[in-house]
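To keep things clear, I will list the structure first and then write my remarks on it.
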Amino acid sequence: MEQQSEIYDYLRSVDCCRVCCLRFLKGTKEEFIDIDAALLKRGLEPAVEENGHQKVKKLKGNVCIACLGLFDLDRIATLACEVKENANYQQYQCEAGFLTSISLPIVLHLRQLALWFDMLDRFPQVFSVANTPDIAVKDALKMIIIHQLEQTLGKPFSVDGVMVNVPYSYVKEQDELATLELISPGVFAKRKTNKHTKKEFISRNAFEKHFTPAAINTDRFRKHYAVPPVSTENVGLVRGELSFTGPTIFLAGRYNKFSRELSQTPWVIDGKRKMEGSVQETIAASVAPHFGVSDEQLIFSSSGREDVDVRCLGEGRPFVLEILDAKTDQLPEEVAIAMEHQVGTSNTVAIRDIQLVKREDLVHIRGSEEDKRKFYRALCVTVEPVTEEMVQKLRINEPFVLQQVTPLRVLHRRTLLARPRTVYSVHAFACRDNPHAMVVDIVSQAGTYIKELVHSDFGRTGPSFRSIIGTAIDIHALDVMAIDLDWPKKLRR
């Protein structure tokens, strides 16, 4: 108890604020939330009577040598109110709550280092070279700010909430950091020759790696930088403008594509659009307004994709929209129904089962495509009239493996490889109205090029329907009938 009092009195004598003193005494979260009570309980400050309550007497002094005024509790107290009243914050309607992102200048690490050297000399029985001497500035600040925001906003701290960005700067930072090159010139010689580190003087990670009592020369440090550090009354940290970032929301569902002239995502080649509209844009136009974002802020993912001229029928293809900086984290049922209805009015795309999902649920859609099965229906045409023998040859109930060399039609954007794929079943039917046509149902491993399975792509895929029936065959139309993925949850609206 006596030693803690000595440490506290010394730090106060060299212009450390009360919060920074508590940091060097390894205060708890509860103590940082109520500094006065903590200091009174520890017996470190005399109490004064104010309105029937005991409080710590506050003395006006220079800017704290450790935090440069960061822990000015009167200024911190106004932060939560500023957030609540900020018009930019008020546009977010997020039930999850909030989180904080605090940007602090690196010079605070330098000042901590100077105090570390000082405390090692004065209290060697308490502080060591191996362990940092205090609670980190940012950790202590978050304990204080988060508590105040929870009280003022009436919402909990949550990683899924609105991010409150709080930047701080220090006008003399570059002047102070310049002394580091004199203290450890070797560090900066290496940084100047590294193309990745030329632009910034020093990063936070580089400081923490190269500037510790064990890594640098104590005498050289003392020669070029004051131990303990010094400050003046008028120069401290300046808080910049508050900004806010909404949560990233994930909306999942299934889509059907009824058009044979619609790409899944915007089709752009060499900066020019090849086709107007897409499945992605049709869905985004109905979803984006509710979340207060532009269509371009939505990132579209799906369980595979179909070609422009292929329809997607049945239960539909699972998809996810990643929505950055969402203004709300809620999707009321009536809004979801309205979104589904609006997309349906396009007559080219329909969506169902739309719902909010967690980031960890994306493993379903981003997992190995090769583990999934796809169900197709192909309308095939033959040069020769379809015979019963052809139909029987294309009724295959046993799985078989085919080898597919990257198809010529996608070779410009896919690596030239031979890919094995499994076809689980094939079932052909002759067409009554066209003797040169047959309908073939196919169940195959995801990633199978169905068009090439039919016509062989000049022998690049084998076995193919062409090699099986022994005559030329091509595909006239293709539909995706089902995708073997029971996700997201079926809502049956």
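Quick notes on this structure:
- Count - residues of segment 263-284 that are open to solvent by 30 Å² or more (accessible area, probe 1.4 Å) and either aromatic (F, W, Y) or within 16 Å of I249 (Cα to Cα) (or both): 1
- In summary, R492 fulfils each of the numbered conditions (1) open to solvent by less than 30 Å² (accessible area, probe 1.4 Å); (2) at positive phi; (3) at pLDDT below 95 with the single exception of condition (1).
- Within segment 6-30, the residues that satisfy the criterion of being within 10 Å of A140 (Cβ to Cβ) and in a helix (DSSP H, G or I) are V19, C20, L22, R23, K29.
- Restricting segment 48-80 to residues that are over 24 Å from P229 (Cα atoms), surrounded by 12 or more Cβ atoms within 10 Å (Cβ to Cβ) and small (G, A, S) leaves a set whose member that is modelled with the highest pLDDT is A80.
- Subset of segment 391-404 that is out of contact with any Gly (no Cβ under 9 Å at 6 or more places or on another chain) and closer than 15 Å to Y449 by Cα - its residue that is least open to solvent (accessible area, probe 1.4 Å): F400
- The number of residues in segment 331-369 being over 27 Å from Y92 (Cβ atoms), more than 22 Å from the chain's Cα centre (by Cα) and surrounded by 13 or more Cβ atoms within 10 Å (Cβ to Cβ) comes to 7.
- Of the residues contained in segment 480-489, none is found to be over 22 Å from E398 (Cα atoms), in a strand (DSSP E or B) and modelled with pLDDT under 95.
- The criterion of being under 39 Å from the mean Cα position of the chain (by Cα) and at positive phi does not hold for G470.
- Residue list for segment 440-473, filter: closer than 14 Å to M390 by Cα and open to solvent by 50 Å² or more (accessible area, probe 1.4 Å): R466, S467, G470
- For segment 409-439, filtered to residues that are of a type in the set (D, E, K, R) and part of a loop (DSSP other than H, G, I, E, B), the residue that is surrounded by the most Cβ atoms within 10 Å (Cβ to Cβ) is R414.
- Number of residues in segment 124-146 that are closer than 24 Å to V83 by Cα and in contact with a Phe, Trp or Tyr (Cβ under 8 Å, 6 or more places away or on another chain): the value is 5.
- Identity of the residue in segment 214-239, of a type in the set (V, I, T) and in a loop (DSSP other than H, G, I, E, B), that ends up modelled with the lowest pLDDT: T232
- Boolean, L120 is in a helix (DSSP H, G or I), open to solvent by less than 70 Å² (accessible area, probe 1.4 Å), in contact (Cβ under 8 Å) with a residue 12 or more places away in the chain and more than 24 Å from D72 (Cβ to Cβ): yes
- Single residue of segment 305-330 satisfying the filter (over 24 Å from the mean Cα position of the chain (by Cα) and of a type outside the set (D, E, K, R)) that is surrounded by the most Cβ atoms within 10 Å (Cβ to Cβ): C312
- Within segment 377-390, being within 15 Å of M481 (Cβ to Cβ), open to solvent by 30 Å² or more (accessible area, probe 1.4 Å) and not basic (K, R) holds for one residue alone: L379.
- Of the residues making up segment 240-262, those that are in a loop (DSSP other than H, G, I, E, B) and not hydrophobic (A, V, I, L, M, F, W, C) number 8.
- Residues of segment 263-287 satisfying the condition of being assigned to a loop (DSSP other than H, G, I, E, B), free of Cβ contacts under 8 Å to residues at least 60 places away in the same chain and within 30 Å of D329 (Cα to Cα): Q264, T265, P266
- Flag for F157 being more than 30 Å from V357 (Cβ to Cβ), of a type in the set (F, W, Y) and surrounded by fewer than 19 Cβ atoms within 10 Å (Cβ to Cβ): no
The values are calculated or read from the model by the stated rules, or taken from the named source; none is laboratory data. If you're wondering where the values come from, they're calculated on a predicted model, not measured in any experiment. Cβ: placed from backbone, ideal geometry, glycine included. Neighbour counts: every protein chain shown. These area figures cover heavy atoms from the full protein model, side chains too; ligands, DNA and RNA do not enter into them. Shrake-Rupley method; radii C 1.70, N 1.55, O 1.52, S 1.80 Å.
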